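A.B. asks: I have a structure here, written as structure tokens, and I will follow up with some questions on it.
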Amino acid sequence: MKAILALEDGTIFEGTSIGAAGTVTGEACFNTAVMGYQEILTDPAHHGQILAMSYPLIGNYGIVDEDNESPAPKAAALVIGELSNIHSSWRADSPMNEWLKASNTPGVEGIDTRRLAKHLRLNGCMRACVTTELTAEEAIAKAKTATALSGAALALEVSTTASYDWSGESRPWKLPNKTAGDMSNYGSLAPVNCKVVALDLGIKTSSLRALRQDGCDVTVVPANTGAEEILALHPDGLFLSSGPGDPAALTGVIETVKALLGKLPIFGLGLGMEVLGLALGGSVEKLKFGHRGANQPSKNLATGKVEITAPNQNFALVAGSLPAGVEVTHLNLNDDTVAGILCAEQKASGLEYTPEAVNGCTFGTFLSMIKANK
């Protein structure tokens, strides 16, 4: 079946339908990672976006249910060069195309995604439409009606509606010759030594696993949870998760974080760091084409070391807007945007990239603040 990707500037890409048939809209973006397509697709930070993977072959190791960052794909649609007809992985539960159909996620294959990535890099991410039903002209018109990320409080659409204690499996796979039911596959967990409340702005399963692996007892709460409700849980620290959309549109969340500054250690990740920066008095700007991929260089200004990181962001804090007392700790070396902040006085810190995706790096600064604050 024929499928079309139409951009709001009138650019058309024609390909073959994969996944579900139908018509969806969103902001087109691209990711340059070679692997991790399942985790990327299920990351709630992609809610409201049409995701293009620039690597030409996708789906070759299938889908592993326990690797999802959320229960189902969050991207509106997937755009790829070629879908692998076979998959090979001892852990795979299903082929990718079946998974996309089961989750009602449409997609397009047979598109030159590197050409698409170059177009978006030069012209910026823009609204788009993926369709198996409309003509090219109709699809372009439909793309122009899509919700833009600027001004959109998309985190409120993906946040949990009720609080819950995280009780999922947190131990990493060790041995490839075992089954999922064999607990000897897993390494040991650190004993619980602190209680963390996670404000769900689009939280990823890997973030929850990493926190638990570092010894945190985690309670996840909705994005609209107030400061007093959070304090009533008697947490040792507050985690502001990553997520989708415009941080400046989350006015209620920003006010909640403002009310909690200095009262307990706070760590923000991705969108959470941007919300933290706004609560501290800074401002944000929308990036032309975002930061997505598995090889973004980020410099730790304290150590001088360059970390290869995996961010997923559409906005960035404006360095010059941050008030005195807020230190920039990391810079994205591709464009010198802020990738990390620290406000020691308010016991607050944040990173744009996923710390659990950096070898040997988890939530060290946050946990050190919690320990010092006890």
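The values are calculated or read from the model by the stated rules, or taken from the named source; none is laboratory data. All of these numbers come straight from a predicted model, not from anything done at the bench. Cβ sites come from the backbone with ideal geometry, for glycine too, and all protein chains shown count toward neighbours.
A.B. asks: Output the residues belonging to region 41-54 that are in contact with a Ser or Thr (Cβ under 7 Å, 6 or more places away or on another chain) and either part of a strand (DSSP E or B) or under 15 Å from MET96 (Cβ atoms) (or both).
C.D. replies: THR42, ALA52, MET53
A.B. asks: Give region 3-40 a look and list any residue that's part of a strand (DSSP E or B), among the aromatic types (Phe, Trp, Tyr) and within 23 Å of the chain's Cα centre (by Cα), or say none.
C.D. replies: Start the filter on region 3-40 by keeping residues that are part of a strand (DSSP E or B), which leaves 3-7, 12-20, 23-31.
Those still in the list that are among the aromatic types (Phe, Trp, Tyr) too: 13, 30.
Residue satisfying the conditions is PHE30 alone.
A.B. asks: Further, regarding this structure: Has region 206-222 got at least one residue that is crowded, with 22+ Cβ neighbours inside 10 Å, under 24 Å from ALA152 (Cβ atoms) and at pLDDT below 95?
C.D. replies: yes
A.B. asks: I've got another one for you. Residues that are out of contact with any helix residue (DSSP H, G or I) (no Cβ under 7 Å at 6 or more places or on another chain) and within 21 Å of LEU317 (Cβ to Cβ): find the helices (runs of 4 or more DSSP H) completely inside region 190-305 holding 3 or more of those. So that I can check it myself, show each step before the final result.
C.D. replies: Values: elements: 205-213, 227-231, 251-260, 271-279.
Counting at least 3 such residues, we get 251-260, 271-279.
A.B. asks: Determine if region 346-355 includes at least one residue that is at positive phi, outside any strand (DSSP E or B) and at pLDDT 95 or above. Show your work before the answer.
C.D. replies: First pass over region 346-355, keeping only residues at positive phi: 347.
Cutting the leftovers down to outside any strand (DSSP E or B) gives us 347.
With the extra rule that they be at pLDDT 95 or above, the set shrinks to 347.
So far as region 346-355 goes, yes, one or more of its residues are at positive phi, outside any strand (DSSP E or B) and at pLDDT 95 or above.
A.B. asks: For TYR37, which of the numbered conditions (1) under 25 Å from HIS87 (Cα atoms); (2) in contact (Cβ under 8 Å) with a residue 60 or more places away in the chain fails to hold?
C.D. replies: (2)
A.B. asks: Are any of the residues in region 327-340 surrounded by 16 or more Cβ atoms within 10 Å (Cβ to Cβ), of a type outside the set (Lys, Arg), assigned to a loop (DSSP other than H, G, I, E, B) and touching a helix residue (DSSP H, G or I) at 6+ places or on another chain (Cβ under 6 Å)?
C.D. replies: no
A.B. asks: Here's a follow-up. Which residues, counting only those in region 290-345, are among the β-branched types (Val, Ile, Thr) and at pLDDT 95 or above?
C.D. replies: First, the residues of region 290-345 that are among the β-branched types (Val, Ile, Thr): 303, 306, 308-309, 318, 326, 328-329, 337-338, 341.
Within region 290-345, VAL318, VAL326, VAL328, THR329, THR337, VAL338, ILE341 meet the criteria.
A.B. asks: Here is a follow-up. Kindly list the number of the only condition in (1) among the hydrophobic types (A, V, I, L, M, F, W, C); (2) touching a helix residue (DSSP H, G or I) at 6+ places or on another chain (Cβ under 8 Å); (3) at pLDDT 90 or above that fails for LEU175.
C.D. replies: (3)
A.B. asks: Which of the following residues is in contact with a Ser or Thr (Cβ under 8 Å, 6 or more places away or on another chain) and surrounded by fewer than 23 Cβ atoms within 10 Å (Cβ to Cβ): THR11, THR16, THR25, THR32? Let's see the steps before the verdict.
C.D. replies: Details: THR11 fails: in contact with a Ser or Thr (Cβ under 8 Å, 6 or more places away or on another chain); THR16 fails: in contact with a Ser or Thr (Cβ under 8 Å, 6 or more places away or on another chain); THR25 fails: surrounded by fewer than 23 Cβ atoms within 10 Å (Cβ to Cβ).
Going through THR11, THR16, THR25, THR32 in turn, the sole match is THR32.
A.B. asks: Among the residues that make up region 273-282, is at least one of them within 26 Å of ALA28 (Cβ to Cβ) and acidic (Asp, Glu)?
C.D. replies: So far as region 273-282 goes, yes, one or more of its residues are within 26 Å of ALA28 (Cβ to Cβ) and acidic (Asp, Glu).
A.B. asks: Check off (1) touching a strand residue (DSSP E or B) at 6+ places or on another chain (Cβ under 8 Å); (2) within 28 Å of ILE203 (Cβ to Cβ); (3) hydrophobic (A, V, I, L, M, F, W, C) for LEU156 and give me the number that stays unchecked.
C.D. replies: Result: LEU156 passes all but (1).
A.B. asks: For region 55-70, give me each residue that is in contact with a Ser or Thr (Cβ under 6 Å, 6 or more places away or on another chain) and not in a strand (DSSP E or B).
C.D. replies: Hits for region 55-70 are GLY59, ASN60, TYR61, GLY62, ASN68, GLU69, SER70.
A.B. asks: Filter region 91-132 down to the residues that are among the small types (Gly, Ala, Ser) and farther than 26 Å from THR11 by Cβ and list them by number.
C.D. replies: Within region 91-132, ALA92, SER94, ALA102, SER103 meet the criteria.
A.B. asks: Another one. What are the residue pairs meeting all of these: first residue in region 298-311, first residue farther than 26 Å from TYR37 by Cα, second residue exposed (fewer than 15 other Cβ atoms within 10 Å of the Cβ), Cβ atoms under 8 Å, and 6 or more apart or on different chains?
C.D. replies: Hits for this filter: ASN300/VAL306.
A.B. asks: I would also like to ask the following. Could you list, in sequence order, all residues of region 73-100 that are in contact with a helix residue (DSSP H, G or I) (Cβ under 7 Å, 6 or more places away or on another chain), of a type in the set (A, V, I, L, M) and over 15 Å from GLY36 (Cβ atoms)?
C.D. replies: Correct list: VAL79, LEU83.
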